[in-house]
Amino acid sequence: MTVEHCANGNEIQRAAAFLDAGQLLAFPTETVYGLGADAQNPSAIARVYALKGRPATHPLIVHLGFNADPAYWIHGAMPRAARVLIDAFWPGPLTLILPRAAHIPAAVSGGQPSIGLRCPAHPLAQALLNAFHHLGKIKGTPQRGIAAPSANRFGRVSPTAAQHVRDEFGDAVPVLDGGACAVGIESTIVDLSRGFPAVLRPGCICAAQIAEALGEMPRNESEAKDGAPRVSGMLRAHYAPRTPLFLRTQEEITRALDEARQHGERIAVLGRGNFAERLMQRAAQYSRVHIVMASSTPTAYARGLYQLLRQLDTLGCARILVEILPEAPAWTALNDRLSRAAVLEHVSVRLPLARARRQYGDRCRRSRSPSRSDGGDPAASSYGEREATQGKPLKHALVSAVSWTTD
Ligand code: TXA
Ligand code: MG
C-alpha cells in the first residue's frame, strides 16, 4: 500500500485496519518516518525488532493521538513535570520517558520498567492514530497507541521521506506518504522516570525551552548517567551512512580536497553557506569531488540533513567530509547526530599509520588494540582486525566491525 500525500479517509481506515491486524506500517511524523505497530500487540512488536534488526532490549516510543490519555500507559500518578511538558509541547517533537503501567506489554519497552510516549504533530500521523483508536474502541480496547522506531535499519540514517523508507525496506512494509518531514531529526527525549528531568537525546525542542517550561534546568546525558534507561540512539556510533563520515574544519576540508585531487580519490563534502559556495566555484579543479551545500540555519540544516546524507551515500565516494558545526546551543542536536554518524572516529584498528592516513585522513592515530573505545562487541572488533590485516579493503572491515554496535 502506498498512499500518496493523502488525507483520504478510506486510505487512513485501511492503514488503521492493517495495524489492527497486527501488521507493520510506515507513517510520517514531523520529525522522521516511523515503522509502526500496535503498541499492545507483542507479536507485532517482535516484527518491528526483526525487520529493523534492532536488539530486543532497546525500547520503542509509543505514539499517541491528541485525544489519547497518556495516564493509561504509565504506572502511578502522572508527574507534575510531565503534565507541564505535555501542555507546553504536545503535539510535537518531544518524547517523555515515564514509569510503564503493568498492563502494557514489556516488549514495547525492551523489558525496561519505563515507557516512551510522544504525541506527533503530523496531521497524517494524527489521522492514523485517531482511526486506530476508534477501531480499538469497537473491540473494547480503551486506549491505543502506535509503537514506532524510526523506519530505518538499526544504526542507519533515519528516513525523512516515504521514498527513504522504500529504499530501506522495499515492499516489506507499506508506507503512508506524508511528504518530507518538517523537522528532519528525531524528537527530544526527556526522562522523567527517575525523580528529576534529564535530556537523553537532544532534539529541536532544546534544553532551555524545557527549563523554561519546568522552571528547572534538565540534566544532560552525562550528568544523568547513573541508572539511565538504555537509549539506542545514544550509542556512540549511530545515524550513520554507509560511506565513512568525518567531521572536519574548513581548513582540513580544503587540504583534503587538494590531497584527493593528487590521489584521484572520490570524496564528498557537506559544507554550509559561503564555504560550500566557495568550494563549488572551484569545483572544476576537483573532478572527482562532490560538494553539497547545507543550510546555514540549524532548523533548515536539520530539515535537509538526512536527505543529503542519503544522497551523498549513493555516490560511491571513499568518504564524506562534513564541515564542523558551531558549538552554539541551537546546534546541539545536530552536533549530537553528526558525531554519532561519524562512526569511524570511534573505531581504532591496527594497520600501518601511513595507509590509514592515506585512506582516512590525518585524524588516524596509531593504536594498540583494534577494539572500540566504548566497548563494542568483541567478536566484531576482532573481525575488523582480521579483515584489516588480511589486506581486504579497510572500509568494509570497519563498516562490518562497527555495524554490530550501531538504531
Ligand atoms: O522522532 C522520533 O522520536 C522518531 C519518530 C518516528 O517518532 N522515533 C524514533 O524512534 O526516533 P527510535 O526508536 O529510532 O528512537 C527512539 C529512542 C531510542 O533511542 C530508544 O532507546 C529511546 O528512544 N526510548 C524509547 N523508549 C524508551 C524508554 N522507555 N526508556 C529509554 N529510552 C527509550
Ligand atoms: Mg532510530
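The values are calculated or read from the model by the stated rules, or taken from the named source; none is laboratory data. These figures come from a predicted structure and were not determined experimentally. Here the Cβ positions follow ideal geometry from the backbone for every residue, glycine too, while neighbour counts run over all protein chains shown. Note: areas computed on protein heavy atoms with side chains; ligands, DNA, RNA excluded. Shrake-Rupley method; radii C 1.70, N 1.55, O 1.52, S 1.80 Å.
Summary of computed values
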{"quantity": "Identity of the residue in the range 210-221, open to solvent by less than 30 Å² (accessible area, probe 1.4 Å) and part of a helix (DSSP H, G or I), that ends up farthest from ALA101 (Cα to Cα)", "calculated": "ALA211"}
{"quantity": "Residue within the range 43-57 that is away from ligand 2 (no atom under 15 Å from the Cβ) and touching a Leu at 6+ places or on another chain (Cβ under 6 Å) present", "calculated": "yes"}
{"quantity": "GLY111 more than 9 Å from ligand 1 (Cβ to nearest atom) and among the small types (Gly, Ala, Ser)", "calculated": "yes"}
{"quantity": "In the range 29-57, the residues that are aromatic (Phe, Trp, Tyr) and under 22 Å from ALA180 (Cβ atoms)", "calculated": "TYR33"}
{"quantity": "Test: LEU117 is near ligand 1 (Cβ under 10 Å from one of its atoms), modelled with pLDDT of 95 or more, at negative phi and of a type in the set (A, V, I, L, M)", "calculated": "yes"}
{"quantity": "Residue list for the range 67-103, restricted to those being surrounded by fewer than 20 Cβ atoms within 10 Å (Cβ to Cβ), of a type in the set (A, V, I, L, M) and either over 26 Å from GLN209 (Cβ atoms) or touching a helix residue (DSSP H, G or I) at 6+ places or on another chain (Cβ under 6 Å) (or both)", "calculated": "MET78, VAL84, ALA88, ALA101, ALA102"}
{"quantity": "Residues that are outside any helix (DSSP H, G or I) and either β-branched (Val, Ile, Thr) or near ligand 1 (Cβ under 10 Å from one of its atoms) (or both), drawn from the range 120-134", "calculated": "PRO120, HIS122"}
{"quantity": "Any hit, the range 198-209, residues being within 16 Å of ligand 2 (Cβ to nearest atom), open to solvent by less than 30 Å² (accessible area, probe 1.4 Å), assigned to a loop (DSSP other than H, G, I, E, B) and modelled with pLDDT under 95", "calculated": "no"}
{"quantity": "Candidate set: the range 167-195, residues that are more than 16 Å from ligand 2 (Cβ to nearest atom) and touching an Asp or Glu at 6+ places or on another chain (Cβ under 8 Å); chosen: the one most open to solvent (accessible area, probe 1.4 Å)", "calculated": "ALA182"}
{"quantity": "Positions within the range 135-171 being within 16 Å of ligand 1 (Cβ to nearest atom), closer than 13 Å to LEU24 by Cβ and either outside any loop (DSSP other than H, G, I, E, B) or at pLDDT below 95 (or both), in sequence order", "calculated": "ILE146, ALA147, VAL165, GLU168, PHE169"}
{"quantity": "In the range 44-57, residue nearest to ligand 1 (Cβ to nearest atom) [restricted to those that are open to solvent by 10 Å² or more (accessible area, probe 1.4 Å) and in contact with a Pro (Cβ under 8 Å, 6 or more places away or on another chain)]", "calculated": "ARG54"}
{"quantity": "Total residues in the range 172-194, condition part of a loop (DSSP other than H, G, I, E, B), more than 11 Å from ligand 1 (Cβ to nearest atom) and of a type in the set (A, V, I, L, M, F, W, C)", "calculated": "3"}
{"quantity": "Out of HIS122, HIS133, sole residue that is closer than 30 Å to GLY215 by Cα and open to solvent by 10 Å² or more (accessible area, probe 1.4 Å)", "calculated": "HIS122"}
{"quantity": "Residue match in the range 96-105 (condition: farther than 19 Å from HIS133 by Cα, of a type outside the set (A, V, I, L, M) and within 20 Å of the chain's Cα centre (by Cα))", "calculated": "no"}
{"quantity": "Residues being within 17 Å of VAL108 (Cβ to Cβ), among the small types (Gly, Ala, Ser) and more than 12 Å from ligand 2 (Cβ to nearest atom) - total across the range 131-166", "calculated": "3"}
